[in-house]
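Structure, as structure tokens:
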Amino acid sequence: MNNSQSKKAVVRRLAPRKTPSQPRSAHTVGAILEGAAHILELHGLEGYTTNAIAARAGVSIGSLYQYFPTKDAVTIALIERESLELVREASEALQGKEHRRALRELVETGVRYQLRRPQLAKLLDTEQGRLASLMPDTAHAAAMRAALARFLATYPGLDAARAERTASDLMALISALTDAAGRVETEVSPSLADPIEGAVLGYLNAVCGT
């Protein structure tokens, strides 16, 4: 088996076994994911096991494995769930506004997300980094990148052909800075958002040659 085939096999093992189609099964999956979130917040990665997740969710370990073949599969689904609201709010921030205002709202959205459940966000960032080489690009991440690329295609002085690459770079920059802020701050404030906005504008100025 070559490296490409091996990676595809691992990705398949990390994917959910089935997608819930009935309200009861959707409730079970929701309980499992919220149970996983609570275990991470209360016990960290050391206590993060499928048995602990199932117990917190109030389901049997067999029920958990009906939907998720491994603990990493639970984690990936949790990352996707947590990013859904972030992507929705961030995409709205980029709609129909003056560029500087939109970027400020984008930064504040990222900060709010990071501080909403800071311990959970921090640990999921760690796990996403560990699993990055094995994870497919999630639908929410792709949607966020596309929304930001569309916004940047109209940014003054930016070559529209570079919009997608610049979007990827800005997502990484904002994520890194909000992650760092979430380790030491507890609430959104101008003193927290200002330097992140400054870094974003500085990067764009460098890309635009201004």
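The values are calculated or read from the model by the stated rules, or taken from the named source; none is laboratory data. Treat the numbers as computed from the prediction; the structure is a model and nothing was measured. These accessible areas exclude ligands, DNA and RNA; they are computed on the full protein's heavy atoms, side chains included. Shrake-Rupley method; radii C 1.70, N 1.55, O 1.52, S 1.80 Å.
TYR113: accessible area at probe 1.4 Å, nearest 10 Å²?
50 Å²
Where does the Debye-calculated log10 I(q)/I(0) of region 63-117 sit at q = 0.19, 0.25 Å⁻¹, using only Cα point scatterers of equal weight, no solvent?
With no solvent term, the Cα-only Debye profile gives -0.69, -0.91.
Within region 147-210, what whole-number % of the accessible surface is contributed by carbon and sulfur, with the 1.4 Å probe and all protein chains included in the calculation?
55 percent
Please give the solvent-accessible surface of ASP194 in Å², to the nearest 10, using a probe radius of 1.4 Å with every protein chain present.
Counting only protein heavy atoms, ASP194 exposes about 80 Å² to solvent.
When all protein chains stay in place, what accessible area (Å², nearest 10, 1.4 Å probe) is found for ILE61?
The accessible area of ILE61 comes to roughly 60 Å².
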